[in-house]
Amino acid sequence: MQVSMTVNGGEVSGDVEARTLLVHFIRENLHLTGTHVGCESGYCGACTVILDSKPVKSCSMLAVQAEGSSITTIEGLASNGELHPVQEGFWERHGLQCGFCTPGMIMSSVALLEENDNPSEAEIRHSIEGNLCRCTGYHNIVKAVEYAGAKVRGEEPPPPDWEEGS
Amino acid sequence: MTIGVFGTSVKRTEDPALIRGQGLFVDDIKRDNEAAAAFVRSPFAHAKITSIDKSAAEALPGVQAVYTADDVRSLGPLLAQVPIGKLRPLLADGVVKHVGEAVAMVVADNAATARDGADAVFVDYDPLKVVVDPEYAATNEALVHDDLESNIIHTWEEGDAEAVQALADREDTVVTSVKMVNQRLIPTAIEPRGVLAEWQHGYDRVTLHSTTQQPHAVAGALALTFGLPGVSSARVIAPEVGGGFGRGLNVYAEEMLAVFASRELGRPVRWIETRSEASKSTTHGRGWAATATIVSEPDGNFLAYSLVGVADMGAYSQNFSVAIPVLGQFTMPGQYKWDAIYWKMDCVHTHTPTVDAYRGAGRPETSFYVERAVDTAARDLGMDPIELRKKNFFQPEDFPAATLIGMSMDSGDYGGNLDVLVEKADIAGLRAMQETARAEGRYFGVGIATFVEACGLAPSGFADAGVSWAGYGLPSAFNESAVVRVHPDASVTVVTGTGPTGQGHETVWSQIASDRLGIPMERITVVHGDTKDTPMGIGTGGSRSAAVGGVAVAIAADRTKEKAAKVAAHLLEASEEDIVFADNGAHVAGSPDKNVPWTDIAATAYQPHKMPEGMEAGLDMTAFFDPSNLTWPYGSHVAVVEVDPETGDVELLKYVAVDDCGNIINPMIVGGQLHGGITQGIGQALLEAAVFDDEGTLITSTLTDYPIPTATDVPSFDLHKTTTPTDANPLGVKGIGEAGTIVSTPTIVNAVVDALSPLGIKHIEMPLRPRRVWEAMQEARA
Ligand code: FES
Ligand code: FES
């Protein structure tokens, strides 16, 4: 079957089986391997992309269901080489370790800040509840999103909470 | 220009690719003409295989081959580093011994077809008696493997049972005894395990990409399994790996089988596990049932401690298996001085997936037992748990401290560390809050646990105790290697034998090299996880990377610098003793204007005619570091919880930690290791358990049934430190990868039991999910 959609601002189309999941279309047909597969069952959130302004788990829908939609993946976030504030926040505040959950985590956080650029800690935690991370304990992910929120609002981000020195 | 300095939170060099989605994990590396493998796995825990019909699968368009034990029997069982107990056949041979055991492998043109093929293989089974419970297994009433005489494949024993008993029998002593389960866990890294195997016909060499923490061991196993001329013909690459936690500290059947299929079919073969496969074919962790007993004098003076129980190994021994409990033995006495000690752990086979290393590996188990027992003793003695601990700790003047288990702990001020926690967490204030809460009928708990762990594996003498890489044909002890190569343009390659899975070794190792050489981090590249480049690497596990691998980098950098100093001295017409490296160059001590940039030094070092007479070209040094002792990080943690009296729901309100991991290279990364580790330990305390039914079926094989902590299950953490360097290595670093996981589990359980102590509750088995807590409350109230 033919599918067409807009991905990261460009028109794409491809030939897929009816059962092909959106995440596999993105990874295999479009070679955008930044979107990860952690469970293929809608639980881990590693496959999160933004579809028509909403975060969706791309393993939980078929490629054909995304026909005509507009999708942003992790690869489409930076513009002209400039990191998105959320990407910058993850780097500045050590929001990732192995980096496997990170693309999905970043996409969910981007979607949150688009709706609410000044979320509380509880709101941040709630909005990434569907994204599992086994490495970071979420502490620095929360700090990364707080950092990004400040950037989006044009404010000075809060300082890091680690203590320097050996 | 960033000169990496000790104790600074340099941002990670790993991150730019990962935050852009450009990091390459196994499943992101594609090859032309690749095929995909899928496995037919047993639905029975113990059964005879009466027939396998592969004809329907073979007939499916796109299926290339279906392999069974007949095809791979000659390759032998899966090799193990500690080959005690039953080794795993690559594919089940006539009988299956656990749910999820691989029975057949289907290889097809793509993954979907391979899975269709696996569904079309029909296997007939004749179910046999199942042994699931490790304590039942230890009775030997039914055998897991009928060709083994006993289900007990190894017993660790140390100390003096009679001496402990004599003290317990004394009339004036108080005996506290608790039987507890440290339940079986599933590591659950977010990236599934995966491999990409490429046999190169004509050369008879193999390249394997794998989600491993120890590429060299896998290469050794491939060389032996496939009769290669040697390990140099097997190249194993761990690219970006999405989490380790011990699950990658193994050699797996799927690694061997994918290589086999690639050899047979002449095509690259990929296999990526599904999440439910991961729960059964990847190693599990923990799985102990044991009784901890403390004998004390009425004033709280500890006399004796014993820990006796069984450790579940699952159906087959893999990489470490029986060696995991002995890592726990090292820290079994905790931070306390005893007059007598006894430890005995029976390692048993059951009809379940293999148990092996999981973050902390043995040390979380023994720390859990001793810290829960100490809290229980405090209650029995009517003493404050903090005072009781401090009364019995090793004191600063005791170090190096010899324990009755035969270890020598390097350095510590346990009481001082706990004092910092008391102050930072305002324990007095928390106790006051608790009093108020209790007066209102609320269940508010303050739980403390302290720990010491044994890290930095290991002085090479440990290899004589059976833990060496020899099981893979690589006679080598637990030292670690590094190469520091300054190129002619003064950029640097650091090659390490460690196998990071998110710990930031690229950043920290370049920080170390930059600190030593005075070359900016931007000019340093760290290469890891590729056996082609590394002299010999043991890998990452047991919080050893900084304390062994990082130190090797420092030594190799120093050696390179020593040679560079000769070249610089020649260029500056100075004496080599006076050469100081800084700011991307070298200068003469005391005269910063007599300087030469690194680019000139490096360029000269590759042109013999410009070098000092008789000196050989090149700036490339290797080091192997063999530590003089294990390292002994320690710390004190407190959790504050409130238990809902109606539902049993545990709310974690606050978590404060004071850790001492010796000198710190990058505080940001140390903090991250603690956050993640603490969260994993909280997962064990509150949420996670691998549960089998009586038939041996794993009933927690999805992430819904096996919930790991989400962002709403944990609070932000309040971290503090004390610093007691070790003398086991020249950097004074101790290791931090497992600390959080080791201590947070008993911290949380101590807090919940403290909350419920007005009901007389002394212990609840983990995980403390609402239903279990509610049931304990109901029982206590009745
Ligand atoms: S891969 Fe989509 S939610 Fe896990
Ligand atoms: S950074 Fe490893 S799973 Fe999140």
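The values are calculated or read from the model by the stated rules, or taken from the named source; none is laboratory data. What you see is a predicted model, and the numbers here were worked out from it, not measured in a lab. With ideal geometry, Cβ positions are generated from the backbone for all residues, glycine too; neighbour counts draw on all protein chains shown. Protein only, heavy atoms only, side chains kept; ligands, DNA and RNA dropped before computing areas. Shrake-Rupley method; radii C 1.70, N 1.55, O 1.52, S 1.80 Å.
Taken about its Cα centre, the protein assembly as shown carries a charge dipole of roughly 920 debye when the Cβ of each Lys and Arg holds +1 and the Cβ of each Asp and Glu holds -1. Go ahead and run the numbers for FRET between B:ASP718 and B:ASN301, Cβ-Cβ distance against an R0 of 25 Å, rounding to 0.05. The computed FRET efficiency comes out at 0.15. Straight-line cross-link reach from A:LYS57 at under 17 Å between alpha-carbon atoms covers these aspartates and glutamates, not counting any fewer than eight positions away in the same chain: A:GLU28, A:GLU40, A:GLU67, A:GLU75, A:GLU129, B:GLU191. The alpha carbon radius of gyration of the stretch A:2-75, expressed as a multiple of 2.2 N^0.38 Å, is 0.95. Shown in residue order for the stretch B:306-311 are the 3J(HN,Hα) couplings computed by the Karplus curve 6.51 cos²θ - 1.76 cosθ + 1.60 at θ = phi - 60°: 9, 9, 9, x, 10, 10 Hz (x for Gly and Pro).
The alpha-carbon of B:LYS391 sits under 17 angstrom from the alpha-carbons of these lysines, leaving out residues fewer than 8 places away in its chain: B:LYS337.
Could you name the lysines in cross-link range of A:LYS54, using Cα to Cα under 26 Å and dropping any fewer than eight places away on the same chain? A:LYS54 reaches A:LYS143, A:LYS151. Remark: the stretch B:455-590 is approximated by an ellipsoid whose semi-axes, taken from the C-alpha gyration tensor as √(5λ), come to 32, 15, 12 Å, largest first. Put simply, the convex hull of the Cα atoms in chain B casts, on average, a shadow of 36.0 nm².
Within chain B, helices built from complete DSSP H runs that reach 24 Å or longer along their own axis (Cα positions) and carry a mean Kyte-Doolittle hydropathy of 0.0 or higher are B:551-572, B:667-686, B:739-756. Each of the peptides A:151-163, A:41-53 was scored by the mean count of other Cβ atoms within 10 Å over its residues; in descending order, highest first, they stand as A:41-53, A:151-163. Close amide H pairs (under 5 Å, H built 1.01 Å from N) link B:ASN110 with B:ALA36, residues at least 5 positions away or on another chain. Sequentially through the stretch B:271-287, phi angles give Karplus couplings (6.51, -1.76, 1.60; θ = phi - 60°) of 9, 10, 6, 8, 5, 6, 4, 4, 6, 10, 10, 9, 4, 9, x, 6, x Hz, Gly and Pro residues having no value and appearing as x. Computed with a 1.4 Å probe on the full set of protein chains, the accessible area for B:ASP593 sits at about 130 Å².
Heavy-atom accessible area with a 1.4 Å probe sorts B:ILE272, B:ILE512, B:ILE699, largest first, into B:ILE699, B:ILE272, B:ILE512. Largest first, the three principal axis extents of the alpha carbons in the protein assembly as shown are 83, 81, 59 Å in whole numbers. Note on the stretch B:281-346: Cα-only Rg and Dmax are 14.6, 50 Å. The alpha carbon gyration tensor of the stretch A:85-153 gives principal lengths a ≥ b ≥ c with a/c of 1.5 or higher and a/b greater than b/c, which makes the shape prolate. 3J(HN,Hα) couplings calculated from phi for the stretch B:193-206 with the Karplus curve 6.51 cos²θ - 1.76 cosθ + 1.60 (θ = phi - 60°) are, in sequence order, 5, x, 9, 9, 9, 9, 7, 9, 5, x, 9, 6, 10, 9 Hz; Gly and Pro show x. Neighbouring Cβ atoms from other chains, within 10 Å of the Cβ of residues in A:28-38, number 5 on average. The accessible area of B:SER150, taken with all protein chains in place and a 1.4 Å probe, comes to roughly 30 Å².
Take the Cα of B:TYR203, step 7 Å toward its Cβ, do the same at B:SER757, and the gap between the two points is 6.5 nm. Of the chymotrypsin sites (Phe, Trp or Tyr not before Pro) found in the stretch B:452-545, not one falls in a DSSP loop while having at most 14 other beta-carbon atoms within 10 Å. May I ask for the distance between the Cα centers of the stretch B:565-609 and the stretch B:752-775, given as a whole number of Å? Cα centres, the stretch B:565-609 to the stretch B:752-775: 66 Å. Ranking B:ARG170, A:ARG19 by solvent-accessible area of protein heavy atoms (1.4 Å probe, all protein chains present), from largest to smallest, gives A:ARG19, B:ARG170. Over every Cα atom in the stretch B:340-437, the radius of gyration and the widest Cα-Cα span, Dmax, amount to 17.6, 50 Å. Across all Cα atoms of the stretch A:31-166, the radius of gyration (one decimal) and Dmax (whole number) stand at 14.7, 54 Å.
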